[in-house]
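In what follows, a single structure is set out as structure tokens and then discussed.
The values are calculated or read from the model by the stated rules, or taken from the named source; none is laboratory data. If you're wondering where the values come from, they're calculated on a predicted model, not measured in any experiment. Cβ sites come from the backbone with ideal geometry, for glycine too, and all protein chains shown count toward neighbours. Quick note on the areas: whole protein, heavy atoms, side chains included, nothing else; ligands and nucleic acids left out. Shrake-Rupley method; radii C 1.70, N 1.55, O 1.52, S 1.80 Å.
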Amino acid sequence: MSEAEEIEVDKDTANPSKAWERIRVHQQYIKGPHLDPSTPITEDKIRFVCISDTHGKIERSPLRMPPGDVLLHAGDFTMTGQIKEIERFDSYLGFLPYKVKVLIGGNHDLTLDEDLGEANLRSFGIQKPEIETYLKSRGIKSVKQMLSHALYLQDSSVSICGIKIYGSPWQPRFGGWGFNVERGKELLRKWQKIPTDTDILISHGPPVGHGDLTGGNNNVGCVELLNTVQKRVKPKYHVFGHIHEGYGVTSDGYTVFINASTCTRRYQPTNPPIVFDYAIPEGHSKEELLSMEKGS
Ligand code: 5GP
Ligand code: MN
Ligand code: MN
């Protein structure tokens with residue numbers, strides 16, 4: 001494999017459909033691979049179960065969740081990040097049988113974005129002082145500490161049995177929601193934080209070209225995210241959601257791209273979880289999962 005390249009902002013970053021038209025002719029675009037969730041789980045591999053964009057719906061009309069070792073959720077687990085939604089989701093996570101549950105935020109999980117101002121939150125019916133009073137009453141400093149059953153990632157990584165996972169909630173600006181960042185150099189700055197030894201990348205939004213096609217047939221994924229994935233980080237898996245219509249699995253022949261959106265465009269939680277197996281690196285074993293179990 002060639003040396004990692006320095007990534008620059010694409011000239012068509014503001015027009016991802018145009019950028020993808022140009023980029024796609026130089027690379028493979030493969031549908032799948034799909035692992036059947038009924039395939040037996042083995043000791044030498046971690047079975048990852050991917051969901052995303054559950055929007056407070058799976059707690060009330062639970063999905064059939066396949067067996068697995070580790071759950072990955074790529075953000076938008078609420079509609080607006082209200083305290084009640086976060087509590088409900090965390091207790092739902094507590095009931096799921098996976099040993100580790102990795103979670104990132106999405107643009108709907110507003111209270112997790114600590115940069116959002118009071119006025120912005122108020123426009124979504126969220127009163128910041130109420131949130132602060134609530135946190136104080138529980139003796140915690142931030143909303144993420146409410147996620148007692150999740151391993152919450154925000155521009156950070158975790159190593160699970162030697163498999164390195166990095167999570168990032170940022171996505172191209174769309175409306176006045178959370179974790180919004182301008183396309184181009186600002187988003188690239190977020191992607192520059194992704195370590196090159198990342199095996200599994202979780203972001204809320206898709207890269208351009210993979211799982212990013214809207215109902216209007218426009219590619220809306222981030223061009224700099226695709227370039228970062230393909231030219232610098234080269235993870236084996238990239239898991240995301242956000243564009244609900246883009247649900248499914250594709251590959252460029254090296255990285256497998258998983259749009260795990262559970263909800264459809266109409267916010268119906270009907271897309272099945274997507275699973276994959278990752279071989280445990282030498283010197284590690286599944287037993288390490290037991291010491292990572294959070295909560296009860
Ligand atoms: P959410 O509001 O749950 O983040 O996204 C829901 C839907 O909004 C997506 O499935 C997609 O149809 C639309 N959407 C989200 N982000 C964008 C964007 O950047 N551009 C366009 N055209 N649609 C978007
Ligand atoms: Mn969503
Ligand atoms: Mn979203």
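Structure values in brief
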| quantity | calculated |
| --- | --- |
| Average accessible surface area per residue within region 1-81, 1.4 Å rolling probe, Å² | 56 |
| Gyration tensor (alpha-carbon) shape descriptor, region 184-296, a/c threshold 1.5 | oblate |
| Prolate/oblate/rounded call for region 163-233, Cα gyration tensor, a/c under 1.5 rounded | prolate |
| Convex hull of region 1-49 built on C-alpha atoms - directionally averaged projected area, nm² | 6.6 |
| Residue-level accessible surface for T228, protein heavy atoms, 1.4 Å, Å² | 0 |
| Under 22 Å from K84, Cα to Cα: lysines that are on another chain or at least 8 residues apart | K57, K101, K128, K136, K141, K144, K294 |
| Three-way shape call for region 1-127 based on the alpha-carbon gyration tensor, with the a/c threshold at 1.5 | oblate |
| Antiparallel DSSP beta bridges within the chain, percent to nearest 5 | 45 |
| Share of pairwise Cα separations in the chain, more than 28 Å, in percent | 34 |
| Coil-residue trypsin sites (Lys or Arg not before Pro) of region 247-289, DSSP, other Cβ within 10 Å capped at 10 | R266 |
| Charge context of Y166, other residues only, Cβ under 14 angstrom, K/R +1, D/E -1 | +3 |
| Sulfur and carbon atoms: percent of accessible area, the chain [1.4 Å] | 50 |
| Alpha-carbon centroids, region 244-296 and region 48-127: separation in whole Å | 15 |
